[in-house]
Amino acid sequence: MRLELLAARHRSLAVTACEWRAIGLADPDRMADEAFDQLLSESDPTLADLYDAIDRVVQLTYERHAAQLSIIERLSNNMTFERTSRRDPNVLLDILSQLRNKHREVLQLRYWDGLSDAEASEVLRIDPAKLLERRAKAEGKFLSRVRKNHPEVIAPDVPELVASIKPGQHRRESVD
């Protein structure tokens, strides 16, 4: 995909992805610009290449802004949450963070970045059927841990629950 087309279609996605990954350490718009700048040398960058560039930019941001505070402290002090209930987002973030990386990543790509299953499978470089399997397993594990820690929660909508604890303000604009 040509860089101009990639940028036009996925600019808001890049801003959203940079924002929650950097936890308020830098301006997500500037970080997205930096990620697209890294793709200038690519002849035909893909969505997966964009996510690789976002990961590099976020890593550089953390290196530039190494701080004493833990991630949870930064989230609770510097970010706002969309609260859809009285559930404590820190507890839910902790539950999400305890999932295996491959499960947490699927949930974050789908419900924080707003990727479709096809886009998430492209970013993760896995077969779409494998992604569906992994997403179902991730949702089940997340839900069972939420129920264990919050027995009052009865059959919540996992996508809504995960989306409700997304740090930051930016949301991906819908693309046609």
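A short reminder: the numbers here are calculations on the coordinates, not readings from a lab. All values derive from a computational prediction rather than experimental measurement. A quick note on method: Cβ atoms are made from the backbone with ideal geometry, for glycine too, and the neighbour counts reach across all protein chains shown.
Just a few scattered comments:
- Phi-derived couplings, Karplus 6.51 cos²θ - 1.76 cosθ + 1.60 at θ = phi - 60°, listed residue by residue for segment 109-123: 4, 6, 9, 9, 8, x, 6, 6, 4, 5, 5, 5, 5, 5, 4 Hz, with x used for Gly and Pro.
- Assuming charge only on the beta carbon of Lys and Arg (+1) and of Asp and Glu (-1), the dipole of segment 3-64 about its Cα centre is about 200 debye to the nearest 20.
- Anchor Lys130: lysines whose Cα lies under 23 Å away (excluding residues fewer than 8 positions away in-chain): Lys102, Lys141
- Efficiency of FRET between Asp37 and Asn149 - r from beta-carbon atoms, R0 41 angstrom, step 0.05: 0.45
- Between the beta carbons of Ala129 and Ser97, assuming R0 = 25 Å, the FRET efficiency works out to 0.40 to the nearest 0.05.
- As a rough guide to protection, the peptides 43-49, 115-121 ranked by mean Cβ packing within 10 Å, highest first, stand as 115-121, 43-49.
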